[in-house]
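Please read the structure below before turning to the comments.
The values are calculated or read from the model by the stated rules, or taken from the named source; none is laboratory data. Keep in mind the model is a prediction, meaning the values are calculated, not measured. Here the Cβ is made from the backbone with ideal geometry for all residues, glycine too, and neighbour counts use every protein chain on show.
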Amino acid sequence: MLRTGVLTEMNDNRVREANFGVIAGAREGDDEVYAFPVNGTADACKDAVQTYGVEKVVDLAVEGAELSSDPETLAKAIADAVRHFELKALLGLNSPRGRDLLARIATILDAPLALDCLKVDLGQGIVTKSHFSGKTLATLKLSGTPLICGIRPNAIRSRPDPREADILPYQASVEGAGRIRVKEVKKAESETIDLTEANIIISGGRPMNSAENFKVLHECADALGGAAVGASRAAVDAGFAPHDMQVGQTGKTVSPQLYIACGISGSIQHFAGMKTAKVIVAVNTDEEAPIFGKCDYGLVGDLFEVVLALTEVLKASS
Amino acid sequence: MQIYVCLKHVPDTVAMINIVGDAGFDESVKFVMNPYDEYAVEEALKIVKQEGGEVIAVTVGKEAAASTIRYAMAMGAHRGIHIQADAQWVDSMVTSQALKKVIHADGTPDLIFTGKQSVDGEGMQTHYRLAAALDMPAVNEVTTFSIQEGKAVAEREVGGGEREMLEISLPCVVGASKGLNEPRYPKMTEIIKSKKKKIDQFNLADLGLETPAASSELLKLEEMPERGQAKMIGGSPKEMAEELVQRLREDAKVL
Ligand SMILES: Cc1cc2nc3c(=O)[nH]c(=O)nc-3n(C[C@H](O)[C@H](O)[C@H](O)COP(=O)(O)OP(=O)(O)OC[C@H]3O[C@@H](n4cnc5c(N)ncnc54)[C@H](O)[C@@H]3O)c2cc1C
Ligand SMILES: Nc1ncnc2c1ncn2[C@@H]1O[C@H](COP(=O)(O)O)[C@@H](O)[C@H]1O
């Protein structure tokens, strides 16, 4: 049986939700899946990933090296394990940490790399990803081994497939690189849901009119069961929302199950960041707004009135 | 300080992309410097202003890519190197080998700046491959950068509002992200001066590069699939909200 590796990103020792879709991508060809916990323990990783079909969890160590603060050495260690276990492919999340690690590993292994993939066919070495800032879809053929792919969060649906995984301790025989040191990780000021990995996003545009008014979206986000809140560039440039909330070509690329755009006209630059959402809902006072030509459900009306009503309906029916 | 900046000549992000044949596109649209590479040029110029030295702009691209080098020069870059290729798509493994070869032959980089990604191929890897070829460390998606006591100090966003502070030994390759700086607009006087600056020319085919161990080949380009006709929901705000929730639950099954 062929073997595929999956980098598993963890936060506070919990596997991040979006990783389960990556595992599903690795499982498509019925490969035996090896998980590599990043930033967490093998035990905690095993409990979560075995539900999704992972067979082996690699407990990686390098003598005398602190892997969490040296991305180059961590990449060398994983690359060494990929060779050792003869993995034909390695998948990970296309998150800032994921794509950074995957790129490092690909260069060490002289392997082909495709990041931000929407679909992968590991058997054929074919991937689908965006080109031209989301304007076109490209199909690429990767040659060489192993195939290394970063998957856009939520692009592949997770699929439960329970089994009992084993933990494989592996001591990588690599030297610490010591050229890069993570000195500090600054946490976000407030506990926010990562936009790029959220299942539901509600975003506000220019007519939000103030930072204060974003409270209306946050309340609706809570009623949606913990959605993330985003913004258009017009809202960010006007100072109504911080830059890391911007969705679009020069902001975040997101692929949630549900994207609710409130008072957003639907510019191509905004769409570049959210057009792969499964369902798009638009709320806009202008029935001619371009966004109505590119969404699934359109509501003509004042965003404040509609969002308030939506929050109430959700609260009443939950 | 000798700082190299790697630039890609790409279609303007506002240009319409018309697909031609299986994997080509109509290249008669306006081309510009890859937007993220502007941050790279600006950062290199800032550092050279403080520390002294020169900024050299390097590109692998078709003949027309020379205009992106000229633009970097109008911003203030001192020299340019143009490796001519006969296609817009050159595999990142080949591009990085070509960049390595000419940079190596040209001088001794103290720093190399690139963008975090190109906006046409969105490969997000040329800089990592170049760093590996030159045996330098690479950091990407950098939003603040400085040199302190002979080391590079960089900050990068890692998602969910979290940021990493990194210390990197020099020389290194740095991938610039939005927020690193505000790229300048070239002044008329600089544009005129830039016309006299030197661009060394090479031909990709003549560099004698080995065939890389891996590759990625573009097989097909297609338009992103559009959605069907939107379902418009009418009524009072309350009625709209009720119908929307019902449809999201029962039809779309996303709630
Ligand atoms: C190089 C470049 C990069 C860019 N990158 C991005 C990017 O990353 N992300 C991004 O978003 N934009 C980006 N833009 C900007 C983009 O072109 C648009 O200007 C921007 O998206 C518009 O934001 P908006 O829809 O909020 O505002 P507007 O275009 O002003 O639209 C506001 C909409 O709200 C509607 N409206 C008004 N009042 C109400 C109300 N009370 N209730 C409901 N609806 C109401 C209006 O009918 C209108 O349709 C970029 C532009 C360029 C040139
Ligand atoms: N053809 C090229 N010539 C010079 N630099 C390039 C070229 N392609 C990519 N780069 C650099 O590498 C970065 C990442 O590109 P990419 O790997 O295509 O996303 C870009 O922002 C450029 O700085």
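Any chance segment B:193-216 includes a residue that's part of a strand (DSSP E or B) and within 8 Å of chain A (Cβ to nearest Cβ)? Break it down stepwise before answering.
Just the residues of segment B:193-216 that are part of a strand (DSSP E or B), to begin with: B:199-203, B:215-216.
Now narrow it down to the ones that are within 8 Å of chain A (Cβ to nearest Cβ): B:215-216.
The answer is yes; a qualifying residue exists.
Among the candidates A:A138, A:A188, A:A114, single out the residue that is within 7 Å of chain B (Cβ to nearest Cβ) and within 30 Å of A:D222 (Cα to Cα). Can you show your working first?
Details: A:A138 fails: within 30 Å of A:D222 (Cα to Cα); A:A114 fails: within 30 Å of A:D222 (Cα to Cα).
Residue meeting the stated conditions: A:A188.
Across segment A:119-135, which residue is farthest from B:V119 (Cα to Cα) among those that are within 18 Å of the chain's Cα centre (by Cα) and more than 10 Å from chain B (Cβ to nearest Cβ)?
A:V120
Quick grid of which residues meet (1) of a type in the set (A, V, I, L, M, F, W, C); (2) touching a Ser or Thr at 6+ places or on another chain (Cβ under 9 Å):
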site: B:G175; (1), (2): no, yes
site: B:E190; (1), (2): no, no
site: B:L221; (1), (2): yes, yes
site: B:M224; (1), (2): yes, yes
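For B:E27, all conditions in the list (1) assigned to a loop (DSSP other than H, G, I, E, B); (2) within 12 Å of ligand 2 (Cβ to nearest atom) hold save one; what is the number of the exception?
Result: B:E27 fails condition (2) only.
If we scan segment B:118-134, do we find a residue that is over 20 Å from the mean Cα position of the chain (by Cα), at positive phi and either surrounded by fewer than 24 Cβ atoms within 10 Å (Cβ to Cβ) or not in a loop (DSSP other than H, G, I, E, B) (or both)? I'd like the intermediate steps shown before the answer.
Here is the first cut: in segment B:118-134, the ones over 20 Å from the mean Cα position of the chain (by Cα) are none.
Among the residues of segment B:118-134, not one is over 20 Å from the mean Cα position of the chain (by Cα), at positive phi and either surrounded by fewer than 24 Cβ atoms within 10 Å (Cβ to Cβ) or not in a loop (DSSP other than H, G, I, E, B) (or both), which makes the answer no.
For the subset of segment A:275-288 comprising residues that are closer than 14 Å to A:S203 by Cβ and more than 24 Å from the chain's Cα centre (by Cα), which member is surrounded by the most Cβ atoms within 10 Å (Cβ to Cβ)?
Residue satisfying both the conditions and the ranking: A:V283.
Looking at segment B:75-102, I want the residues that are within 25 Å of B:K197 (Cα to Cα) and of a type in the set (K, R) and have a partner that is assigned to a strand (DSSP E or B) and away from ligand 1 (no atom under 16 Å from the Cβ) with Cβ atoms under 7 Å, at least 6 apart or on another chain. Which pairs are those?
B:R79/B:E54; B:R79/B:I56
Which residue out of A:A289, A:A272 is within 12 Å of ligand 1 (Cβ to nearest atom), under 18 Å from A:V254 (Cβ atoms) and of a type in the set (G, A, S)?
Numbers: A:A289 fails: under 18 Å from A:V254 (Cβ atoms).
From the options A:A289, A:A272, the qualifying one is A:A272.
Considering every residue within segment B:33-54, establish whether at least one is modelled with pLDDT of 95 or more, more than 16 Å from ligand 1 (Cβ to nearest atom) and assigned to a strand (DSSP E or B).
Scanning segment B:33-54, I find at least one residue that is modelled with pLDDT of 95 or more, more than 16 Å from ligand 1 (Cβ to nearest atom) and assigned to a strand (DSSP E or B), so the answer is yes.
When you look at A:N284, is it near ligand 1 (Cβ under 7 Å from one of its atoms), over 27 Å from A:I151 (Cβ atoms) and not assigned by TED's automatic domain parsing to the domain that holds A:I151, yes or no? Talk me through it step by step, then tell me what you get.
Working: near ligand 1 (Cβ under 7 Å from one of its atoms): yes; over 27 Å from A:I151 (Cβ atoms): yes; not assigned by TED's automatic domain parsing to the domain that holds A:I151: yes.
The answer is yes for A:N284.
Could you check, for segment B:62-77, whether at least one of its residues is within 11 Å of another protein chain (Cβ to nearest Cβ), within 15 Å of the chain's Cα centre (by Cα) and not aromatic (F, W, Y)? Don't jump to the end; show me each part of the working.
So in segment B:62-77, the residues within 11 Å of another protein chain (Cβ to nearest Cβ) come out as none.
No, every residue in segment B:62-77 fails to be within 11 Å of another protein chain (Cβ to nearest Cβ), within 15 Å of the chain's Cα centre (by Cα) and not aromatic (F, W, Y).
Within segment A:252-264, is even one residue closer than 23 Å to B:I233 by Cβ, within 8 Å of ligand 1 (Cβ to nearest atom), in contact with a Pro (Cβ under 7 Å, 6 or more places away or on another chain) and in a loop (DSSP other than H, G, I, E, B)?
Yes, segment A:252-264 contains a residue that is closer than 23 Å to B:I233 by Cβ, within 8 Å of ligand 1 (Cβ to nearest atom), in contact with a Pro (Cβ under 7 Å, 6 or more places away or on another chain) and in a loop (DSSP other than H, G, I, E, B).
Output the residue which, of all residues in segment A:260-274 that are buried (at least 22 other Cβ atoms within 10 Å of the Cβ) and over 15 Å from the mean Cα position of the chain (by Cα), is nearest to ligand 2 (Cβ to nearest atom).
Kept after step one, since they are buried (at least 22 other Cβ atoms within 10 Å of the Cβ), are these residues of segment A:260-274: A:260-264, A:270-274.
From what is left, the residues that are over 15 Å from the mean Cα position of the chain (by Cα) are A:260-264, A:270-272.
Values: A:I260: 31, A:A261: 28, A:C262: 32, A:G263: 33, A:I264: 27, A:H270: 22, A:F271: 21, A:A272: 15 Å.
If we take residues in segment A:260-274 being buried (at least 22 other Cβ atoms within 10 Å of the Cβ) and over 15 Å from the mean Cα position of the chain (by Cα), then A:A272 is nearest to ligand 2 (Cβ to nearest atom).
Evaluate the following for A:A89: is it buried (at least 21 other Cβ atoms within 10 Å of the Cβ) and out of contact with any Asp or Glu (no Cβ under 9 Å at 6 or more places or on another chain)? Break it down stepwise before answering.
Details: buried (at least 21 other Cβ atoms within 10 Å of the Cβ): yes; out of contact with any Asp or Glu (no Cβ under 9 Å at 6 or more places or on another chain): no.
No; evaluated as a whole, the condition is false for this residue.
Select from segment B:71-90 the residues that are buried (at least 20 other Cβ atoms within 10 Å of the Cβ) and more than 10 Å from ligand 2 (Cβ to nearest atom) and list them in ascending order.
Those that are buried (at least 20 other Cβ atoms within 10 Å of the Cβ) and more than 10 Å from ligand 2 (Cβ to nearest atom): B:Y71, B:A72, B:M73, B:A74, B:M75, B:G76, B:A77, B:G80.
Do we have A:A61 as assigned by TED's automatic domain parsing to the domain that holds A:I126 and surrounded by 20 or more Cβ atoms within 10 Å (Cβ to Cβ) here?
Details: assigned by TED's automatic domain parsing to the domain that holds A:I126: yes; surrounded by 20 or more Cβ atoms within 10 Å (Cβ to Cβ): no.
No, not satisfied.
Can you say whether B:L204 is more than 29 Å from A:S95 (Cα to Cα) and modelled with pLDDT of 95 or more, as far as the supplied structure shows? Step through it out loud before you land on a result.
Values: more than 29 Å from A:S95 (Cα to Cα): yes; modelled with pLDDT of 95 or more: yes.
In short, yes.
In segment B:217-244, which residue that is more than 7 Å from chain A (Cβ to nearest Cβ) and within 30 Å of A:I126 (Cα to Cα) is surrounded by the fewest Cβ atoms within 10 Å (Cβ to Cβ)?
The selected residue is B:G228.
Just checking, how many residues over segment B:157-178 are facing chain A (nearest Cβ under 7 Å) and either touching a residue at least 12 places away in the same chain (Cβ under 8 Å) or not in a loop (DSSP other than H, G, I, E, B) (or both)? Quick ask: steps written out before the conclusion?
We begin by selecting, within segment B:157-178, every residue facing chain A (nearest Cβ under 7 Å); these are B:157-169, B:178.
With either touching a residue at least 12 places away in the same chain (Cβ under 8 Å) or not in a loop (DSSP other than H, G, I, E, B) (or both) added as a condition, the list becomes B:157-159, B:162-169, B:178.
Matching residues across segment B:157-178 total 12.
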